[in-house]
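Just below is one structure, and these are the notes that go with it.
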Amino acid sequence: MTSSLSSSRTRRALLAGCLMFVALSVSGCSSRADIQPQFFWDSLFHPSPALVNGIGLTLIISVIAQILGVILGVFAAMAKMAKFAPFRIASNLYIWFFRGTPLLVQLMFFVYGLPTVGLFRWPTIAFGPILIPAEILAGTIILGVNEGAYMAEIVRAGILSVDPGQTEASKSLGMKYGQTMRRIVLPQAARVIVPPLGNEFNNMLKTTSLLTVVSVFELYNTTSVAAGHNFRYFELFGAAAVWYLLMTTIWGFIQGWIERRLAKGTVLTSAGPTGPGWRGRFFGGQAESLGGH
């Protein structure tokens, strides 16, 4: 209980401290340079409709791309562990290509490269009143496919962490491979998968900024356009940094809650924290020991 309260206080103090640091930096420099803090405060407390849309688009793209990445990662991991050789080869080629080439190159190749040679052109999709422009569709899918290559190794590590005896026991009960994975292996592997999955989503929130090269007006691109109009790069990008920090920090709380839920009922939870805490996930600190030192 004491450890939980201490962790909660630490999270609030870190968040407040980071926000105060950025705010004081902007306000304090205004007396020594041509800085107008009002642009910074307006971007935070009175954001324009374009900025609100950019923040919302960043969140939507991140969530959809991460879900797509997890789904592809599960299938790629199972294909890599399959006995059927073509599945293994296809999975290894997929992981090899998307982990071995920069995401920026993938975006340029699949969004601009394919249409120029007439192989494929991304469509604009409409779901009733909802219109999804081609560049948003392309960027989201490419982010998800790229993420799937990384999630494949994370999921595979989670599956391998489950005692093989559990799989053998399910076979003796007459379960098929798919049933064994859905009911026995994957639920237990989730405890190993969720921490790195949370870190991947944290990274996804920031990686969406690369979609500026395909003209997606997420948070970074919206801020860049606004700064280009009034040349207030310091103030506006300082505010953008705070928005990214808020999104990743809020996700840090959610990730911690999910990890605690998944850890319920295990022997380790009664002994205290078993892995890197909130500070460790964000600042690379060492994992807390079972003794709480």
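All of the numbers you see were taken from the coordinates with simple rules; none came from a lab. Just so we're clear, the structure is a prediction, and the values are computed from it rather than from any experiment. Cβ: placed from backbone, ideal geometry, glycine included. Neighbour counts: every protein chain shown.
Amide H of ILE132: which non-local residues (sequence gap of 5 or more, or other chain) have their own amide H closer than 5 Å, using H built in the peptide plane?
For ILE132, the qualifying residues are ILE125, ALA126, PHE127.
Which order do peptides 214-225, 110-121 fall in by mean Cβ count within 10 Å, highest first?
Final packing ranking: 214-225, 110-121.
Residue by residue through region 70-86, which ³J(HN,Hα) values in whole Hz follow from phi under the Karplus form 6.51 cos²θ - 1.76 cosθ + 1.60 (θ = phi - 60°), with glycine and proline marked x?
Coupling constants for region 70-86: 5, 4, 5, x, 4, 5, 5, 5, 5, 5, 5, 9, 6, 7, 6, 4, x Hz.
With r as the distance between the Cβ atoms of VAL63 and VAL105 and R0 = 25 Å, compute the FRET efficiency 1/(1 + (r/R0)^6) and round to 0.05.
Efficiency for this residue pair is about 0.55.
In nm, give the distance between the simple-model label positions of MET81 and GLN179, each being 7 Å from the Cα along the Cα-to-Cβ direction.
So the two model labels end up 1.9 nm from each other.
Stretch ILE130-THR116 to full length: gain in nm at 0.36 nm per residue minus the Cα-Cα span?
2.3 nm
Please list, in chain and number order, the residues 5+ apart from MET81 or on another chain whose amide H is under 5 Å from its amide H, with Hs placed from the backbone.
Answer set, sorted by chain and number: none.
In nanometres, what is the gap between the two model label sites at LYS206 and ASN53, each 7 Å from Cα along Cα-to-Cβ?
2.8 nm
May I ask you to list the residues of region 42-76 whose amide nitrogen lies under 16 Å from a point 7 Å from Cα along the Cα→beta-carbon direction of ASN230?
Zone members listed by number: 42-52.
So what J values fall out for region 221-232 if you push phi through Karplus, 6.51 cos²θ - 1.76 cosθ + 1.60 with θ = phi - 60°, rounded to Hz, Gly and Pro as x?
Coupling constants for region 221-232: 5, 4, 5, 5, 5, 4, 5, x, 7, 10, 6, 9 Hz.
Could you list ARG232, ARG99, ARG191 so that the one with the fewest beta carbons within 10 Å of its beta carbon is first and the one with the most is last?
Ascending number of Cβ neighbours within 10 Å: ARG99, ARG191, ARG232.
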